[in-house]
Amino acid sequence: MDSIREIRHKSAVDIVTDVDLQSEHEILTALLKAFPTHAVLGEEGGARSGSDPRYRWIVDPLDGTTNYAHGFPFFCVSIGLEVEGQMALGVAYAPSLDELYVAEAGLGATLDDRPIRASSTTELSQALLATGFPYDRAEFPRALRSFEVVSLQSQAVRRAGSAVLDLCYVACGRLDGYWEHQVKAWDMAAGSLMVTEAGGAISATDGSAFSVDGGQVLASNGRLHASLTATLAGL
């Protein structure tokens, strides 16, 4: 926390710190040095096209910036690699918790080098879930409505403020599911692969096919996916 020198508002509630900017600069410098032909998408720096568009690195230098700025230890750095439109690698590191999540397509997911699996919960009434609220306050009514509806049907719903870690928590079984109606590619890229490689399921909130650039996500342990899709339908 002592390293924060500057906090800038991107909108009324969306902030960026000097740590976000420095983190992204260092990550992109390393990636482009190692893979100069690859495309890159970063939260702060935007998209950079490469001469070989088959490969795209998707970077969130600090997911959970508001948490970080307030000393709330639920934030992480996230890096994903997409190859020909499919996620191939996902890495997320939560420094305050000293936890490193890694997923490789076809090779499973790990937490600190130990294999992880999604939970075995089968009843929505027994599920611990998570969601997020949008920065666009005009979208709040929908988010609050879905929070209310799902809360009444589940054991509990959390809103901790890091989409990446919510996805990682679904992957390692700490959460049974997570959804968000408005979310960016860098919030979903690495975490989406964590979920599927840990045996979970991922889609859009209406159950249609998931896309990193699709703007919404529903992740679950797989066993609850149909129930969650039906609950969120029409919200």
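For this structure, a couple of remarks:
- Residue 212 being surrounded by 23 or more Cβ atoms within 10 Å (Cβ to Cβ) and assigned to a loop (DSSP other than H, G, I, E, B): yes
- Verdict on residue 117 being surrounded by fewer than 16 Cβ atoms within 10 Å (Cβ to Cβ), of a type in the set (D, E, K, R), under 18 Å from residue 67 (Cβ atoms) and out of contact with any Leu (no Cβ under 6 Å at 6 or more places or on another chain): no
- Qualifying positions in segment 192-209 - over 16 Å from residue 143 (Cα atoms) and either in contact with a Phe, Trp or Tyr (Cβ under 8 Å, 6 or more places away or on another chain) or open to solvent by 20 Å² or more (accessible area, probe 1.4 Å) (or both): 192, 194, 196, 197, 199, 201, 202, 203, 207, 208, 209
Condition check ((1) of a type outside the set (Lys, Arg); (2) farther than 23 Å from residue 79 by Cβ) across all residues:
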site: 165; (1), (2): yes, no
site: 170; (1), (2): yes, no
site: 181; (1), (2): yes, yes
site: 184; (1), (2): no, no
site: 193; (1), (2): yes, no
site: 198; (1), (2): yes, no
site: 211; (1), (2): yes, no
site: 215; (1), (2): yes, no
site: 225; (1), (2): yes, yes
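- Only residues that are in a strand (DSSP E or B), open to solvent by 40 Å² or more (accessible area, probe 1.4 Å) and not polar (S, T, N, Q) were counted in segment 80-101, giving 5.
- Restricting segment 58-79 to residues that are in a strand (DSSP E or B) and open to solvent by 20 Å² or more (accessible area, probe 1.4 Å), the residue that is nearest to residue 134 (Cα to Cα): 77
- Some residue of segment 128-143 being touching a Cys at 6+ places or on another chain (Cβ under 7 Å) and either open to solvent by less than 10 Å² (accessible area, probe 1.4 Å) or assigned to a helix (DSSP H, G or I) (or both): no
- Any hit, segment 159-174, residues being open to solvent by less than 10 Å² (accessible area, probe 1.4 Å), outside any helix (DSSP H, G or I) and within 30 Å of residue 40 (Cα to Cα): yes
- Of all residues in segment 34-56, those satisfying the criterion of being surrounded by 14 or more Cβ atoms within 10 Å (Cβ to Cβ) and either touching a helix residue (DSSP H, G or I) at 6+ places or on another chain (Cβ under 7 Å) or part of a loop (DSSP other than H, G, I, E, B) (or both) are 35, 38, 40, 41, 42, 43, 44, 45, 50.
- Unmet requirement for residue 196, which otherwise passes all of (1) more than 11 Å from the chain's Cα centre (by Cα); (2) of a type outside the set (D, E, K, R); (3) assigned to a loop (DSSP other than H, G, I, E, B): (3)
- Residue within segment 96-103 that is within 25 Å of residue 220 (Cβ to Cβ), free of Cβ contacts under 8 Å to residues at least 60 places away in the same chain and among the aromatic types (Phe, Trp, Tyr) present: no
- Flag for residue 152 being in contact with a strand residue (DSSP E or B) (Cβ under 7 Å, 6 or more places away or on another chain) and either at pLDDT 95 or above or open to solvent by 30 Å² or more (accessible area, probe 1.4 Å) (or both): no
- Counted residues, segment 122-166 - those being farther than 21 Å from residue 186 by Cα and among the small types (Gly, Ala, Ser): 7
The values are calculated or read from the model by the stated rules, or taken from the named source; none is laboratory data. Quick caveat: nothing in here was measured; it's all calculated off a predicted structure. Virtual Cβ from ideal backbone geometry, glycine too; neighbours counted across all protein chains shown. What goes into the accessible areas is simple: the full protein's heavy atoms, side chains included, and nothing from ligands, DNA or RNA. Shrake-Rupley method; radii C 1.70, N 1.55, O 1.52, S 1.80 Å.
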